[in-house]
Each structure stands twice: as C-alpha cells, then as structure tokens.
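Data first, discussion second: the structure below is written as structure tokens.
The values are calculated or read from the model by the stated rules, or taken from the named source; none is laboratory data. All figures in this text were calculated on a predicted structure; none of them were measured in a lab. Positions of Cβ are backbone-derived with ideal geometry, glycine not excepted, and every protein chain shown enters the neighbour counts. Protein only, heavy atoms only, side chains kept; ligands, DNA and RNA dropped before computing areas. Shrake-Rupley method; radii C 1.70, N 1.55, O 1.52, S 1.80 Å.
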Amino acid sequence: MSTQTLFKWRHFLPEIILLNVRWYCRYSLSYRDLEEMMQERGVEVDHSTINRWVLKYAPELDKHIRRHLKPTNDSWRVDETYIKVKDVWKYLYRAVDSEGNTLDFMLSAKRDGKAAARFFRKVLKGQHTQVPRVITVDKNAAYPVAVETLRGDEMIDKETQLRQSKYLNNVVEQDHRNIKRSVRPMMGFKSFNSARRTLSGIEAMNMIRKGQVNGVDRGDSVSQARFIESIFEIAA
C-alpha cells in the first residue's frame, strides 16, 4: 500500500500522525499525555483520535520494518509474560536470541502446547530468523509438547536442543521490562484486537531502539525517527 493511500482522508499530516504513534509506542505515555504535548506545539488533536492512529498505524510500523531487520542468531530464548485485556490476563509470547535481539512475539488467549507451537511457527517464518540450534525455555510443560510437534512437522531439526532453565532465560525476562514499561500507563486494554495491534507497534519500536534495523544505531533516537519517516516515504 502506498503512503498516499495509507494516509488518505486523514485530517493531519503523516508526520504528525507518525510522531504520535512513535512516541506512544516508544515511551511510557498515555493518550492524554500526548494530547497535551501536541497542544503545547499548537496542534489540537483529541486523545481518542491518537488512539485511532495507534490502532491503525502500529501494525503498519511492525510490517514496514520487517524487511530491514538484521539477521539474528540460532540460540533462542523463549518466555511469555502477562498482559491484561478487559480485566483478564492474556499471554504475550516473546522470543529473543542470546544477544537480546527480538525474534518475534504473539499475543495469545491461551498458554498451552498449541499456542506455543503456533508461536514457534510464527518465529520460523521471519525473514531475519533462522532454524534454532538450541531453544531455552522455563519449566512450562507446554514447550516440550510444542517442540515435539515442530519436529514431527520437520520444521526444526531433530538435533535442536530444548533447554529448560529459568536462569539461562534471564535475557528474555529482562527484555520483558521494556514492554511492561510502555504498557503500564495504558491501564489495561479494552479488547484483544486493540491489545494485539498496539503491542505490535511497541515491539517494533523496541526492535528499532535495540538497533536491530539496518542503518540505525542502538540508542540513536534521531536516526530512529528518520528511519521511520523514510520507510513510510515522508522524509524531507
């Protein structure tokens, strides 16, 4: 979809829309925080409008960065964390490699072998991931079931090692904190779909922040902003 089509019928410039989406997905801000920040800059926009922008463009941000991601290694660290949706806890499956680079993520209503296998398949489809040499998980009984399913489908090698060790999974558990920090001001999601769409933008910004995209250094906020403008073809 072209940039012109993507932002068609919007009453604000694409630069303003992407600025709000980027800030919301990157920092611990509420929609009302952003409404006030825009007012200070002379832009009158309601917090509900910013909400609609995030739900529309956060998934687009995730989709646009995929082909720019650097390759990850073959040592997976997999874990799930809790996300509250409509006052009910759901499960955000997340995987990083041994260097802390994000492999992929998936919001799930259930925490079982089928959900874990579905997540592994999603990771394996990524252009920046490779078939794992070792998969490190915690003591959750669903993971051995999922790995055996993938071996049966010949999606991973029989030699792939499943390593159940909570200590060795500190890398992904520490990485959860960046996501939790962004989610905390949101006070819970109203629907599963809004949670899924918003989290895709938060995870995308987390990958950009970690320097996982080509041409952007870790911690360089200026180049991060320019990169996002360039992939949406609105850079000056």
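Relative to one another, the C-alpha centroids of region 181-236 and region 129-165 are positioned 29 Å apart.
Under 18 Å from a label point set 7 Å out along the Cα-to-Cβ vector of His47, the amide N atoms of region 197-222 belong to 198. Computed over the chain with a Gaussian network model linking Cα atoms closer than 10 Å, the most mobile of Ser165, Ser28, Ser200 is Ser165. Close amide H pairs (under 5 Å, H built 1.01 Å from N) link Ile83 with Lys90, Tyr91, Leu92, residues at least 5 positions away or on another chain.
DSSP assigns beta bridges within region 81-200; of those with both partners inside it, close to 70 percent run antiparallel. Between helix 14-26 and the chain there is an angle of about 40 degrees, using the helix long axis and the longest principal axis of the Cα atoms. Remark: region 166-236 carries 50 Å² of accessible area per residue (probe radius 1.4 Å; ligands, DNA and RNA excluded). The radius of gyration of the Cα set in region 73-153, together with its Dmax, comes out at 12.3, 38 angstrom. Label reach from Met187 (point 7 Å along Cα→C-beta): in region 48-69, amide nitrogens under 17 Å belong to 48-52.
Annotation for Glu15 and Ser98: the two label points, set 7 Å from Cα along the Cα-Cβ direction, are 4.5 nm apart. The peptide list 129-142, 91-104, put in order of mean Cβ contacts within 10 Å with the highest first, becomes 91-104, 129-142. Is the C-alpha gyration tensor of region 47-100 telling us rounded, prolate or oblate? Criteria: a/c under 1.5 is rounded; beyond that, a/b larger than b/c is prolate, otherwise oblate. Oblate. Accessible area per residue for region 1-110 is 50 Å², calculated with a 1.4 Å probe on protein heavy atoms, without ligands, DNA or RNA. Listed peptides 18-27, 143-152 appear in the order 18-27, 143-152 once ranked by packing, highest mean of other Cβ atoms within 10 Å at the front.
Ligands, DNA and RNA left out, the accessible area of the chain computed with a 1.4 Å probe is 48% carbon and sulfur.
According to the calculation over all Cα-Cα pairs in region 112-236, the P(r) per 10 Å bin from zero is 11, 30, 36, 20, 4, 0 %.
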